[in-house]
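Worksheet: one structure, shown below.
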Amino acid sequence: MALVATERLYTGRIVNLDLDTVGFPDGSTGTLEMLRHPGASAVVPFLDDPRADDPRIILIRQFRHAADGFLWEIPAGRLDPGEEPEACARRELREETGYSAADCRRLVTIHTTPGFTDERIHLFMATGLRAGDHAREADEFVEVHETRWSEALRLVENGEVSDAKTLTALLYTETSLRRRT
């Protein structure tokens, strides 16, 4: 696909809305509504060695207006202008939970909903956590929970985790990292 033209319809604090005219692979053209997002990072924070039998992680329950309630999530947030994804993951971990990490390992980058947005979330795993003070924003209502890995997977299996980045990060960690050790 090739971008032929774009028109900005809305500029917001978090997202912008564009109407793009694009050239499709078959040579035709069409218009698509696109939400532009600066990207984000999210982190699976391990309190214990990830290779342990049933390590503890930090999960948060965060109020989300779009979901009409609280969701189980991993710490995450939007990239600041010019910010590297790992720096964002470390910052969001500290701001939302108060924890800082000695080590932060990149897992994978995901497209959240490529049918209408260019948002990408960079997923990380953090270890060597040290407790500290959180610095949440005024609109962040967050509960921090120490959670056993087995309990986090049970939340996934029972459908209690519905947040896509959290599902992806937990299942990626389980299948690509923990089962290899």
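Read-outs throughout are calculated quantities, based only on the coordinates presented, and are distinct from any laboratory measurement. Given the structure is predicted, the values throughout are model-derived calculations rather than measurements. Note: ideal-geometry Cβ built from the backbone for every residue, glycine included; neighbour counts use all protein chains shown.
Observations, loosely collected:
- Top of ASP53, ASP20, ASP68 by mean-square fluctuation, Gaussian network on the chain, Cα under 10 Å: ASP68
- Rotationally averaged projected area of the chain (alpha carbon convex hull; nm²): 12.1
- In the range 111-178 the Cα-Cα distances spread across 10 Å bins starting at 0 as 14, 40, 39, 7 percent of all pairs.
- Dipole magnitude of the range 76-143 about its Cα centre (Cβ charges: Lys, Arg +1; Asp, Glu -1), debye to nearest 20: 340
- Between the residues PRO81, THR109, THR175, the greatest Cα displacement towards the positive end of the dipole of the range 70-181, with unit charges on the Cβ of Lys, Arg, Asp and Glu, is found for THR175.
- Stokes-Einstein diffusion for the range 53-152 at 10 °C, viscosity 1.306 mPa s, with a Kirkwood radius from C-alpha pairs, works out to 109 µm²/s.
- Stokes-Einstein diffusion coefficient of the range 1-45, Kirkwood radius over Cα pairs, 10 °C, 1.306 mPa s, in µm²/s: 131
- Length-normalised contact order of the chain in % [C-alpha pairs under 8 Å, at least 6 apart]: 23
- Build a GNM of the chain with springs between Cα atoms under 10 Å apart, and of THR97, THR166, THR11 the one that fluctuates most is THR11.
- Fluctuation leader among PRO25, PRO50, PRO38 - the chain, Gaussian network, Cα springs under 10 angstrom: PRO25
- Unit charges on C-beta of K, R, D, E only; dipole of the range 115-181, Debye: 560
- Cα centre as origin, Lys/Arg/Asp/Glu Cβ charges: the chain dipole, Debye: 460
- Cα pair distances in the range 44-102, grouped into 5 Å bins until the bin that holds the longest one, percent each: 4, 17, 22, 21, 19, 12, 4, 1
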